[in-house]
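Data first, discussion second: the structure below is written as structure tokens.
The values are calculated or read from the model by the stated rules, or taken from the named source; none is laboratory data. Here the structure is a predicted model, which is why all the values come from computation and not from measurement. Cβ coordinates were reconstructed from backbone atoms using ideal geometry, including for glycine residues, and neighbour counts include every protein chain displayed. Accessible surface is based on the protein model in full, side chains and every heavy atom, while ligands, DNA and RNA are left aside. Shrake-Rupley method; radii C 1.70, N 1.55, O 1.52, S 1.80 Å.
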Amino acid sequence: GLEEMTPKPVQDTGNILKQGYLEKRSREHSFFGSEWQKRWCVLNRRTFYYYANEKSKQPKGNFSIEHYSARLASHLRKDSRKRCCFKLTCPGKRTYE
């Protein structure tokens, strides 16, 4: 018979290229404009995952990085973090800031 495989959290897979906290702009706009949310982010060779925090077992979202490109975007913020801002873009797909 086949053994059922339990999916492991991405942090346990050993294929991580980079991980750490980033601030991601939410898609929903509030009265005050778009909100920046602190998320634990994990990048492996094919996929970008984001979690509520580093102890989370299930990602809040993920997407294949194939065909995405990264570009600096200092205009996104006015504070001291503006020099660190970037966009992940892909034609026909959601843009991540």
Whichever residue in the range 36-53 is free of Cβ contacts under 8 Å to residues at least 24 places away in the same chain and in a loop (DSSP other than H, G, I, E, B) and, among such residues, is most open to solvent (accessible area, probe 1.4 Å):
ARG46
Which count do you get for residues in the range 62-91 that are closer than 18 Å to LEU17 by Cβ, in a strand (DSSP E or B) and open to solvent by less than 60 Å² (accessible area, probe 1.4 Å)?
4
